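K.L.:
Structure incoming, see below.
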Amino acid sequence: MGYPWDALATNLWITAIVVVVVFGLALAVAVGLRGGRHDGVDVAWGLVHAAVAVTTLIASAGHGDDWRRWLITVLTCMWGLRLAGYLALRNHGVPEDRRYAAIRQSAPGNPTAYALRKIYVPQAVIAWIVSLPVQLGQYGFATGVWPVVVTVLGVLGWLVGFVFETVGDAQLVRFRADPANRDEVLDTGLWRYTRHPNYFGDAAVWWGLALLALHHFAGLIGLLGAALMTWLLIKGTGAALLERRIRDRRPGYAEYVRRTSGFFPMPPRK
């Protein structure tokens, strides 16, 4: 049975609308209920991928292996809902993220229109591209050894990433909860092996999902989503930006950088 390109094309249009709706609601909440505070868009980032996965599960009925469709949807929703919940709790009761506060304060003219252009539209476009493995993976039927291999590798990659991200976030929350650590550097647990276990975990999750989509050669397109996510985490709005902000505020951070891997987990350097 050939790959259902027509059904996939329809799915891509539908999910594009879903992404616009989710980020549109996030903007409406920010303006109407949160006084123009826009860091809630980070919560929408996890929710939008769960919404895309569920939408694709419904739209792909009859166009792909049921077990793979459900597997990809469940894994994506677990990742997205956990991330959204974690960020919602982290942002509650604290000042707005500096990135979004700076954008809001520098807005020329209408601040809502500026936030739409600078925050919501770019994130919506990126989210849709990143979600390609989730969409492509739910289409197409496959038999043989290759689909089994990529499924096993994909689930293992997702599991490693989910553990790193979840455990790393939990260790960071516990560290920040102690007032004695205010100006200290977290260098224990997973943070001893990588300066960004949560970002590494995020990337591993998406490469795992990309592998699940490789049951058909069409899944090669989905590698674009995993690659974009990884670039963002390493060079874009993730590790690189965070380290520029931390370096000057924490005296021990330079030494931590010298001995600890920047992204991939490695034994600490002496």
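K.L.:
Based only on other Cβ atoms within 10 Å, what is the fewest-to-most ordering of Thr166, Thr15? Kindly include the intermediate steps, with their values, before the conclusion.
P.N.:
Values: Thr166 18, Thr15 23.
Ordered from fewest to most neighbouring Cβ atoms within 10 Å, Thr166, Thr15 come out as Thr166, Thr15.
K.L.:
What is the percent of Cα-Cα separations in segment 143-270 that go past 21 Å? Each step should come with its number before you reach the end.
P.N.:
Details: 3738 of 8128 pairs.
Roughly 46 percent, once rounded to a whole number.
K.L.:
Follow-up question, since we're still on this one. Between Rg and the Kirkwood Rh of segment 1-141, both from Cα atoms, what is the Rg to Rh ratio? Don't skip to the answer; put the middle values down first.
P.N.:
Numbers: Rg = 16.8 Å, Rh = 16.0 Å.
Checking Rg against Rh, the ratio lands at 1.05.
K.L.:
Could you work out how far apart the two model spin labels at Trp146 and Trp70 are, taking each label as a point 7 Å from the Cα in the direction of the beta carbon, and quote it in nm?
P.N.:
Label at Trp146, label at Trp70, 2.6 nm between them.
K.L.:
Just subtract the alpha-carbon distance of Leu81 and Leu159 from 0.36 nm times their residue separation and send over the number in nm, one decimal. Intermediate results must be reported in sequence, preceding the final value.
P.N.:
Details: separation 78, 0.36 × 78 = 28.08 nm, distance 1.54 nm.
Value of the extension gain: 26.5 nm.
K.L.:
Relative to the Cα centre, what is the charge dipole magnitude of the chain, using +1 at the beta carbon of each Lys and Arg, -1 at the beta carbon of each Asp and Glu, and rounding to the nearest 20 debye?
P.N.:
Numbers: 26 positive and 17 negative charges, 195 e Å.
So the magnitude is around 940 debye.
K.L.:
Given Cα pairs under 8 Å that are at least 6 residues apart, what percent is the relative contact order of the chain? Don't skip to the end; give the middle numbers.
P.N.:
Details: 365 pairs, mean separation 54.9, N = 270.
That works out to 20 percent.
K.L.:
Sticking with this one: At 0.36 nm per residue, minus the direct Cα-Cα distance, what do Arg269 and Asp183 gain on full extension? Give it in nm, one decimal, please.
P.N.:
Details: separation 86, 0.36 × 86 = 30.96 nm, distance 2.27 nm.
Stretched fully, the Arg269-Asp183 segment lengthens by 28.7 nm.
K.L.:
Treating only the Cβ atoms of Lys and Arg (+1) and Asp and Glu (-1) as charged, compute the dipole magnitude of segment 143-270 about its Cα centre; round to the nearest 20 debye.
P.N.:
Rounded to the nearest 20 debye, it is 460 debye.
K.L.:
Still on this structure: Rounded, prolate or oblate: which one fits segment 197-262, using the alpha carbon gyration tensor with axes a ≥ b ≥ c (rounded when a/c is under 1.5, else prolate when a/b beats b/c, else oblate)?
P.N.:
Values: a/c = 4.55, a/b = 2.92, b/c = 1.56.
Prolate shape, in that a/c is at least 1.5 and a/b is the bigger ratio.
K.L.:
Quick one: which residues, 5+ away or cross-chain, put their amide H under 5 Å from the amide H of Gly140? H built at 1.01 Å from N.
P.N.:
Here the answer is Gly64, Asp65, since their amide H atoms fall under 5 Å of that of Gly140.
K.L.:
Convert 25 °C to kelvin, take the viscosity as 0.890 mPa s, use the Kirkwood radius over C-alpha pairs of the chain as Rh, and evaluate the Stokes-Einstein diffusion coefficient in µm²/s, rounded to a whole number. Before the final figure, lay out the partial values.
P.N.:
Working: Rh = 19.7 Å.
In µm²/s, the coefficient rounds to 125.
K.L.:
Points 7 angstrom from Cα along the Cβ direction at Lys235 and Ala9: gap in nanometres?
P.N.:
Taking the two extended label points, one gets 3.3 nm.
K.L.:
What ranking, highest mean first, results for peptides 102-112, 48-58 when packing means the other Cβ atoms within 10 Å averaged over each residue?
P.N.:
On the way: 102-112: 12.5, 48-58: 22.3.
Going by the mean number of other Cβ atoms within 10 Å, highest first, we get 48-58, 102-112.
Bear in mind that the values in this text are calculations on the coordinates, not laboratory data. These numbers come from a predicted model, not from an experiment. Every residue, glycine among them, receives a Cβ derived from its backbone with ideal geometry; neighbour counts consider all protein chains shown.
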